[in-house]
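Only the coordinates and a few stated rules stand behind these numbers; no lab work does. Since the model is a prediction, treat every value here as computed from it, not as a measurement. Cβ placement follows ideal geometry from the backbone for every residue including glycine, while neighbour counts extend to all protein chains displayed.
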Amino acid sequence: MRHRSQVRNAVQTQDGVCRVNRVRDGEMQHFEIRLAIAEDCPDLFDVHRQSVRSLCSGDYTGEQIDMWLDGRHPGMYLLAIERGELWVAVSSGVLLGLVEVQGNEVTKLFVSGAAVGAGVGKALMGQAIAHIRQAGENRIYLESTLTGRDFYRKLGFTEIGSGTFSHGPGTVSLEIVQMELHVD
């Protein structure tokens with residue numbers, strides 16, 4: 001079953017938190033987007049792993065997913081948190097997703113399986129794009145999984161190349177798609 005999500009209200013507050021209200025299947029849902037803090041690291045790690053395992057298993061083998069996640073740990077987000085380049089979507093204290101940027105590149109976007117279709121990924125990408133634009137960049141780059149390619153296309157990204165991603169000493173890799181978005 002496909003979920004339909006519609007924005008009813010999105011307000012950027014003075015404290016830097018974006019409060020989003022959406023209607024999904026006729027029910028109002030609320031979540032906030034805010035900068036991540038160090039205390040979020042365990043939940044960031046859980047959402048990251050769960051997202052990869054549940055959402056990408058249709059496009060990648062178990063061996064590829066194991067390689068992708070090998071050696072990852074909760075502390076891997078601390079540098080981006082310190083730089084102020086990692087945001088989270090949270091509802092009632094539950095972390096729903098995360099987005100990380102570095103310069104003009106979106107380096108991570110992960111949404112929990114339960115939040116797919118609720119507009120969380122789109123809202124997080126909106127935050128990332130706004131941050132990159134505020135920094136004076138007009139080209140946004142990312143490397144997408146095969147799983148995420150259509151999502152990014154719907155946001156206006158175009159494919160500019162392809163490649164592979166590997167992590168660790170093994171020979172296993174996964175196919176990725178290089179994409180960009182030009183903004184004014």
Note: the stretch 96-173, point scatterers on Cα, Debye, no solvent; log10 I/I(0) at q = 0.19 Å⁻¹ equals -0.89
Two-site label geometry, Val183 and Thr107: point separation in nm, points 7 Å out along Cα→Cβ: 1.8 nm
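What shape does the stretch 24-113 take by its C-alpha gyration tensor, where a ≥ b ≥ c are the square roots of the eigenvalues and a/c under 1.5 counts as rounded, a/b above b/c as prolate, and the rest as oblate? Mind dumping the intermediate values first?
Details: a/c = 1.78, a/b = 1.10, b/c = 1.62.
Oblate, because a/c is 1.5 or more while a/b does not exceed b/c.
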Can you tell me the convex hull volume per residue for the chain, based on C-alpha atoms, in Å³ to the nearest whole number? 123 Å³
Size of charge dipole - the chain - debye, nearest 20, with Cβ of Lys, Arg +1 and Asp, Glu -1, no other charges: 680 debye
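Using 1/(1 + (r/R0)^6) with R0 = 22 angstrom and r between the beta carbons of Glu137 and Ile37, what's the FRET efficiency to the nearest 0.05? Write out the running numbers ahead of the final one.
Details: r = 25 Å, r/R0 = 1.14.
The pair Glu137/Ile37 has a calculated efficiency of 0.30.
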Computed, not fitted: 222 nm per-residue ellipticity of the chain from DSSP H runs ≥ 4 (each -39500 (n - 2.57)), nearest 500, equal to -8000 deg cm²/dmol
How far apart, in nanometres, would the label points at Arg53 and His73 be if each is projected 7 angstrom from Cα along the Cα-to-Cβ direction? 1.9 nm
Label-point separation (nm) for Ser162 and His30, each offset 7 Å from Cα along Cα-to-Cβ? 4.5 nm
Nearest 10 degrees is fine. How inclined is helix 120-134 to the longest principal axis of the chain, computing both from alpha carbons? 90 degrees
